[in-house]
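So the structure is just underneath, and the comments pick up after that.
The values are calculated or read from the model by the stated rules, or taken from the named source; none is laboratory data. This is a predicted model, so every value here is computed, not measured. Reconstructed Cβ throughout: ideal geometry from the backbone, glycine too, with neighbour counts over all protein chains shown. Note: accessible area is taken over every heavy atom of the protein model, side chains too, but ligands, DNA and RNA are not part of it. Shrake-Rupley method; radii C 1.70, N 1.55, O 1.52, S 1.80 Å.
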Amino acid sequence: MKKGVLYTFGASIILIICFIAFVLPSSLSRVADKQEGLVFGTYKGKKISYEYGSDFTEFLSQYANMIRNQGQEITQQNQYQLYNYAFNSTVIKYQQEEALKKAGYEVPQDSINLKIKNYFTDSEGKFSMKAYKQADPSYIEQITNSIQESLYTGRYYDDNFGSTETFGSNHLFGLKTSKAETDFLNNFGTEKRAFKMITFNTSDYPAEEKEKYGRANPQKFTKYDMSIITVDTEDLAKKVLARMEKGQITFEDAITEYSEKSYSDSDGKLSNNSWYQIKNILQNDEDVAKVTDIQKDEMSPVLQTLIGWSIFKKTGDDTAPDFSNEDTVTDVGNYIGIYENAVVEDYFSDVAKKFVSEAKASDVDTVAANYSMATVETLAAFPLNYGSSSIYDTMDTNTIRALATADKNEDFLAKAFTVKLNEYTDPIILSGSVVVLQCTSIESVEDKEAKTFDSTIMDYDQASSQAVVFQSPDLVNNFINVYFDNFINTSF
């Protein structure tokens with residue numbers, strides 16, 4: 001373990017503290033007498049366990065002492081976080097050790113000797129051989145092991161993320177950046193664009209359009225008076241059907257005796273009985289007619305449904321949809337929103353194109369007064385910045401609902417940063433809305449202060465490295481279950 005370094009997962013921060021003597025949390029006494037401590041998981045088969053002398057426990061002790069040294073109490077509320085940090089730190093340590101082992105790295109003895117000198121000094125701060133020879137051998141061994149372990153995992157960290165050591169103006173170790181790369185990062189995002197955004201919310205899809213769709217597709221909304229039996233296996237379903245065909249049992253009694261009632265009420269009545277709803281529960285589309293075309297009081301063959309195997313019985317007459325009824329139109333709207341939302345998007349895209357055509361002959365605000373469904377908003381100038389990287393200025397994605405995911409919408413960004421000044425984009429599908437943008441200004445940021453980006457890139461590298469480790473198939477993570485099963489009612 002790299003002494004004095006506490007790793008945190010999910011935030012690229014290394015907490016540097018002085019070497020802390022190992023002090024075991026008192027709550028560990030509950031499992032101290034067990035032959036084996038609690039195992040929170042494994043990394044490549046190596047246990048991450050809560051027991052005396054384990055890496056997990058030492059990390060936990062360091063985190064606990066850090067909190068206490070800051071004058072804070074360890075409570076039930078922050079205890080979970082400490083255990084979680086200790087687990088994450090242990091995983092990262094094992095991953096680093098595995099990489100170092102694979103690389104064949106060993107700590108040079110000269111490096112250990114150089115560090116040991118700092119522990120045995122005279123009054124002037126120089127190495128004292130006398131102090132070294134008078135020291136307890138067990139103390140020297142403890143320090144040697146600690147230094148060796150620190151230098152071992154430190155090699156991984158320094159090689160990948162750099163160190164504070166320098167040669168001239170250059171930092172030793174870590175990935176290096178070229179001047180061309182730094183210049184590119186400094187020049188990126190110097191162009192900013194501002195827009196007027198015309199937004200059409202797809203939830204405003206008119207009732208008359210829903211009715212129009214329904215009248216063009218009446219079969220989808222025809223309702224069928226059906227009962228249904230659903231069982232787990234095809235063999236059982238065929239057995240039930242055979243018994244009913246032989247008159248050994250009625251359909252109603254079979255519902256009570258056999259049906260899982262996955263698609264029905266307690267009496268076996270089909271709950272969602274529109275044509276499109278029946279289609280959605282059947283495994284094979286070609287089976288729809290085998291249900292809807294049967295006559296009253298007839299049964300369907302055994303059909304595979306999404307949950308098990310089913311037999312349908314038509315118990316009443318079919319009901320054609322009444323599109324003058326508000327509930328039917330609402331049903332049509334629900335269907336379109338779930339299964340054919342492209343119909344709504346296409347409708348508003350056509351409306352948006354018509355809006356743009358009129359705006360080109362006039363102006364946005366004048367035309368918007370004639371469109372009750374249109375909302376016009378002004379977007380302050382922002383640079384092209386996919387994902388709102390903290391390196392550059394960002395677009396405000398919080399104030400306007402439609403922009404919530406715009407910084408990761410490639411179509412939005414591509415159209416916004418290729419449209420010419422004062423021109424309009426084609427319609428863009430964006431977070432439940434259809435929008436068009438008019439570019440109102442293009443500005444360049446001059447004399448921007450140059451940055452090196454070293455620390456920022458290192459933070460990204462650390463976050464990415466940790467994310468990879470915690471998504472690795474080599475990691476078995478049972479932390480949450482083990483913690484809550486054993487420590488939810490304990491405290492330090």
(Q) Of the conditions (1) surrounded by 20 or more Cβ atoms within 10 Å (Cβ to Cβ); (2) closer than 26 Å to Asn160 by Cα, Tyr50 satisfies every one except a single condition; which number is it? (A) (2)
Q. Picking from Ser178, Ser203, Ser163, which residue would you name as being surrounded by 13 or more Cβ atoms within 10 Å (Cβ to Cβ) and not aliphatic (A, V, I, L, M)?
A. Ser163
Q) Which residues, counting only those in region 386-425, are in contact with a helix residue (DSSP H, G or I) (Cβ under 8 Å, 6 or more places away or on another chain) and under 25 Å from Ala463 (Cβ atoms)? A) Tyr386, Gly387, Ser388, Ser390, Ile391, Thr394, Met395, Asp396, Thr397, Ala406, Asp407, Leu413
(Q) Being within 27 Å of Val356 (Cα to Cα) and at pLDDT 95 or above: is that true of Phe195 here? (A) yes
Q) Does Asn78 qualify as being part of a helix (DSSP H, G or I), more than 26 Å from Asp474 (Cβ to Cβ), of a type in the set (S, T, N, Q) and open to solvent by 20 Å² or more (accessible area, probe 1.4 Å)? A) yes
**Q.** Options Asp293, Asp297, Asp317, Asp253; residue that is over 42 Å from the mean Cα position of the chain (by Cα), loosely packed, with under 14 Cβ neighbours inside 10 Å and at positive phi
**A.** Asp297
Q) Could we say that Ser357 is among the polar types (S, T, N, Q), free of Cβ contacts under 8 Å to residues at least 12 places away in the same chain and under 30 Å from Asp454 (Cα atoms) here? A) no
(Q) Out of the residues in region 107-146 meeting the condition of being free of Cβ contacts under 8 Å to residues at least 12 places away in the same chain and of a type in the set (Ser, Thr, Tyr), tell me which one is least open to solvent (accessible area, probe 1.4 Å). (A) Ser128
